[in-house]
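Contents: one structure, followed by commentary.
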Number of protein chains: 2
Amino acid sequence: MRFAAIMAGGQGKRLWPLSTKKRPKQFLTLHGEQTLLQETVERVTLLIPPEKTYVVVGKEHVEVVLEQLPSLPPDNIIVEPMGRGTAPCVGLAALRLSRIDPEGVMIVLPADHVVKDKDRFLKLLEKAATLAAEGTHLVTLGITPDHPATGYGYIQASTPWPKSGAVVESEVLEVERFIEKPDKETAKRFLDEGGYFWNSGMFIWRVDTILREMKVQMPSLHAGLMTIEERVGAPDYEEALARIYRQQDIISIDYGVMEKSDCVLVLPTGEIGWSDVGGWTVLNEILEIDGEGNVIQAHHIGIDTANSIILSKHADVKDRLVATLGLSDLVIVDTDDILLVMDKGRAQEVKRLIEKYTKER
Amino acid sequence: MRFAAIMAGGQGKRLWPLSTKKRPKQFLTLHGEQTLLQETVERVTLLIPPEKTYVVVGKEHVEVVLEQLPSLPPDNIIVEPMGRGTAPCVGLAALRLSRIDPEGVMIVLPADHVVKDKDRFLKLLEKAATLAAEGTHLVTLGITPDHPATGYGYIQASTPWPKSGAVVESEVLEVERFIEKPDKETAKRFLDEGGYFWNSGMFIWRVDTILREMKVQMPSLHAGLMTIEERVGAPDYEEALARIYRQQDIISIDYGVMEKSDCVLVLPTGEIGWSDVGGWTVLNEILEIDGEGNVIQAHHIGIDTANSIILSKHADVKDRLVATLGLSDLVIVDTDDILLVMDKGRAQEVKRLIEKYTKER
């Protein structure tokens with residue numbers, strides 16, 4: 001059996017103030033008609049129907065998931081009592097799925113990514129799922145880099161797997177190591193050398209494989225999961241779940257398992273138009289750019305305005321005008337209650353503003 | 001008898017979008033508690049009480065004047081059917097005042113200026129009014145320049161008046177010529193040479209003196225005014241007024257009378273903290289500047305934000321936040337229906353945006 005486990009617990013700091021704690025970016029319509037969450041589910045629906053799709057989400061966002069995914073069985077929403085990174089999130093999903101089919105394959109997908117080439121993406125997932133079904137490996141998609149990005153972690157591949165066979169794109173490779181976001185120079189070297197891929201955060205494995213690996217690499221989390229499992233159906237289940245979660249460190253599945261495990265395979269994606277929508281500047285890649293290099297989603301008039309991102313999204317105000325004169329390389333985000341204006345080159349620092357704002361309140 | 005004639009017909013283009021056609025800047029609170037119009041009336045009230053104060057305004061702004069100046073007798077509002085520059089505006093006021101006291105002194109004041117040193121200002125007006133009461137000269141206040149501004153017209157003074165007496169500050173001088181807004185180099189030369197003053201647009205004269213000068217310099221306007229005068233009290237007065245106005249060219253009193261007249265005296269003001277609030281950058285002079293060189297009227301958090309003007313004025317939205325990061329020398333004006341972001345150095349070009357906006361609609 002195959003499942004999709006969609007991780008929708010992101011906090012939405014990087015597209016602030018369009019995305020907020022109340023409505024993180026996975027629940028927003030950034031391009032087209034659908035929200036990123038809706039696109040994520042829709043994208044794999046030919047491979048995994050909604051009945052086999054599970055969404056892991058914080059309790060504060062259950063309502064919005066129900067609203068945005070009417071075809072999802074409400075019981076397929078797995079509720080986290082609080083955010084503790086992707087490791088407990090994946091563990092909780094695996095726990096649920098192991099009750100249905102412990103040898104089933106789960107496809108773990110972040111809810112806030114963009115993938116333009118759906119067909120190729122599905123073929124890759126199909127291949128990865130077949131591979132994972134053997135129960136021997138953790139499989140991840142490695143995005144074939146087209147520029148020396150510093151905003152992503154990298155995966156260094158080693159030899160092809162199985163050992164025989166030539167290294168070609170979309171062949172399966174064994175993983176040598178996971179690498180944190182590099183500086184520009186290192187990233188350039190990775191591209192020159194070849195054999196490096198962006199860490200997509202998309203994973204494919206059998207339920208029992210990941211639980212087995214968790215038991216080895218994260219015994220404390222695994223023990224916690226087992227305690228949770230014992231309380232399923234008990235009146236104090238919620239309480240036990242919250243207690244175990246509270247005890248966990250905030251830790252990603254990458255750091256907790258993938259980097260340490262020695263049975264990880266990477267499936268290079270080739271060109272699939274992937275983005276993690278990890279910040280304002282990524283909008284340049286996923287939205288239409290005008291003749292002056294601007295990405296504009298606003299009623300806008302401009303004179304000498306170039307290479308900027310201008311978004312105005314108001315719930316109630318119709319026809320609000322954004323007028324600009326003599327600007328370049330700015331990000332302007334105008335929402336109902338917050339206006340952000342910043343240097344595009346410093347868009348990654350938006351978190352500093354959120355911190356300052358939170359502290360002030 | 002002494003009168004104040006306050007010209008409140010400005011269109012509010014230069015502080016757009018805070019000021020708009022519907023609410024030009026004279027009706028806005030830019031600093032402190034009062035609007036610029038209220039300040040203008042208040043400023044001279046020790047010299048000219050409200051009963052002797054007249055406000056010339058377009059018909060679309062009669063309501064706001066009544067609202068903002070409750071102590072002004074409603075009959076003291078002189079309504080222009082349309083804007084035709086300051087020459088017809090002054091003419092219409094003179095016409096009204098000549099019915100009360102043709103030998104009275106009228107002090108003509110724009111409604112949208114800032115003057116910080118009220119005491120000195122009143123002393124100057126007192127002196128100018130005394131001088132004007134002789135009925136021989138048109139008197140204007142010349143602002144003693146403290147920097148080579150290019151945003152103001154200049155007045156070149158010649159010899160002291162009366163001919164005897166030494167040239168000292170606040171002495172009265174004869175006017176050699178009026179000069180249009182100069183370029184930077186010329187403005188610097190003016191300051192180096194001395195004897196040049198900023199044209200304040202504030203005039204003091206006897207009612208009969210200005211009407212006499214109008215008859216000489218602007219015979220067509222004067223004839224029109226006489227026609228209007230004939231219709232006072234007639235049922236077709238409004239119609240006649242509108243017809244005459246429609247026939248006038250848009251012309252300022254400076255260009256129409258002052259530049260051509262040979263009986264103009266200038267009274268240098270010395271340091272009185274005057275500004276015509278002629279554009280966004282002037283806010284640097286009249287509002288408080290923080291340690292980073294910013295003028296901020298907003299709920300603002302900023303990181304590395306310098307030398308910028310940030311205003312957020314919403315009628316209904318409480319606590320709207322403006323967040324900025326990595327900016328300098330910008331003007332950000334955030335109103336209910338328009339957001340403006342522009343290079344401070346190009347603030348004078350804001351009219352181009354209004355034109356583009358108007359054309360689009």
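Can you confirm whether A:Val341 is at negative phi, more than 7 Å from chain B (Cβ to nearest Cβ), surrounded by 15 or more Cβ atoms within 10 Å (Cβ to Cβ) and in contact with a Ser or Thr (Cβ under 8 Å, 6 or more places away or on another chain)? Write out each step before concluding.
On the way: at negative phi: yes; more than 7 Å from chain B (Cβ to nearest Cβ): no; surrounded by 15 or more Cβ atoms within 10 Å (Cβ to Cβ): yes; in contact with a Ser or Thr (Cβ under 8 Å, 6 or more places away or on another chain): yes.
When the stated conditions are applied, A:Val341 does not pass them.
So, in the stretch B:1-59, of the ones that are of a type in the set (D, E, K, R) and closer than 16 Å to B:Ile204 by Cα, which residue ends up surrounded by the most Cβ atoms within 10 Å (Cβ to Cβ)? I'd like the intermediate steps shown before the answer.
Of the residues in the stretch B:1-59, the ones of a type in the set (D, E, K, R) are B:2, B:13-14, B:21-23, B:25, B:33, B:39, B:42-43, B:51-52, B:59.
Still in the running and closer than 16 Å to B:Ile204 by Cα: B:2, B:43, B:52.
Numbers: B:Arg2: 20, B:Arg43: 20, B:Lys52: 22.
By that ranking, first place goes to B:Lys52.
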Count, please, the residues in the stretch B:283-313 that happen to be among the hydrophobic types (A, V, I, L, M, F, W, C) and free of Cβ contacts under 8 Å to residues at least 60 places away in the same chain. 9
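Quick one: which residue in B:Val207, B:Val232, B:Val257, B:Val264 is more than 23 Å from the chain's Cα centre (by Cα) and not basic (Lys, Arg)?
Numbers: B:Val207 fails: more than 23 Å from the chain's Cα centre (by Cα); B:Val257 fails: more than 23 Å from the chain's Cα centre (by Cα); B:Val264 fails: more than 23 Å from the chain's Cα centre (by Cα).
It is B:Val232.
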Assess whether B:Gly58 counts as being closer than 30 Å to B:Gly135 by Cα, small (Gly, Ala, Ser) and at pLDDT 95 or above. yes
For A:Lys351, the lone unmet condition from (1) touching a residue at least 40 places away in the same chain (Cβ under 8 Å); (2) loosely packed, with under 14 Cβ neighbours inside 10 Å; (3) at the interface with chain B (Cβ under 8 Å from one of its Cβ atoms) is (3)
Please enumerate the residues belonging to the stretch A:309-327 that are at the interface with another protein chain (Cβ under 9 Å from one of its Cβ atoms) and either farther than 20 Å from B:Glu360 by Cβ or under 27 Å from the mean Cα position of the chain (by Cα) (or both). A:Ile310, A:Ser312
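Residues that are assigned by TED's automatic domain parsing to the domain that holds A:Gln11 and more than 25 Å from A:Leu30 (Cβ to Cβ): which strands (runs of 3 or more DSSP E) entirely in the stretch A:110-191 hold 3 or more of them?
Details: elements: A:138-143, A:154-160, A:173-179.
Per the criteria, A:154-160, A:173-179.
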Expected single match for of a type outside the set (Asp, Glu), touching a Ser or Thr at 6+ places or on another chain (Cβ under 6 Å) and not in a helix (DSSP H, G or I) among A:Thr29, A:Thr45, A:Thr20 is A:Thr29
Applying the selection to the stretch B:83-117, what residues are over 22 Å from B:Asp208 (Cβ atoms), surrounded by fewer than 16 Cβ atoms within 10 Å (Cβ to Cβ) and modelled with pLDDT of 95 or more? B:Asp117
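Could you please give the count of residues in the stretch A:200-254 that are among the hydroxyl-bearing types (Ser, Thr, Tyr), part of a helix (DSSP H, G or I) and within 29 Å of A:Val44 (Cα to Cα)? Can you show your working first?
Let us first name the residues in the stretch A:200-254 that are among the hydroxyl-bearing types (Ser, Thr, Tyr), namely A:200, A:209, A:220, A:227, A:237, A:245, A:252.
Next cut, part of a helix (DSSP H, G or I) only: A:209, A:220, A:227, A:237, A:245.
Next cut, within 29 Å of A:Val44 (Cα to Cα) only: A:209.
Total satisfying the criteria: 1.
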In the stretch A:268-301, what residues are under 17 Å from the mean Cα position of the chain (by Cα) and small (Gly, Ala, Ser)? A:Gly273, A:Ser275, A:Gly278, A:Gly279
Got at least one residue in the stretch B:276-298 being under 18 Å from A:Thr305 (Cβ atoms), more than 9 Å from every other protein chain (Cβ to nearest Cβ), buried (at least 19 other Cβ atoms within 10 Å of the Cβ) and out of contact with any Leu (no Cβ under 6 Å at 6 or more places or on another chain)? yes
Restricting to the stretch A:59-88, name every residue that is over 17 Å from the mean Cα position of the chain (by Cα) and in a helix (DSSP H, G or I). A:Lys59, A:Glu60, A:Val62, A:Glu63, A:Val64, A:Leu66, A:Glu67, A:Gln68, A:Pro74, A:Asp75, A:Asn76
Give me the pairs, please: first residue somewhere in the stretch B:75-98 and on the phi > 0 side of the Ramachandran plot, second residue anywhere and of a type in the set (Gly, Ala, Ser), beta-carbon distance under 9 Å, and either six or more positions apart or on two chains. B:Gly85/B:Gly9; B:Gly85/B:Ser252; B:Gly85/B:Gly256
Which strands (runs of 3 or more DSSP E) does the stretch B:255-309 wholly contain that include 3 or more residues that are among the β-branched types (Val, Ile, Thr) and farther than 30 Å from B:Met214 by Cα? B:299-306
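The values are calculated or read from the model by the stated rules, or taken from the named source; none is laboratory data. Remember, it's a predicted structure, so these values are computed and weren't measured experimentally. Glycine gets a Cβ as well: all are built from the backbone with ideal geometry, and neighbour counts include every protein chain shown.
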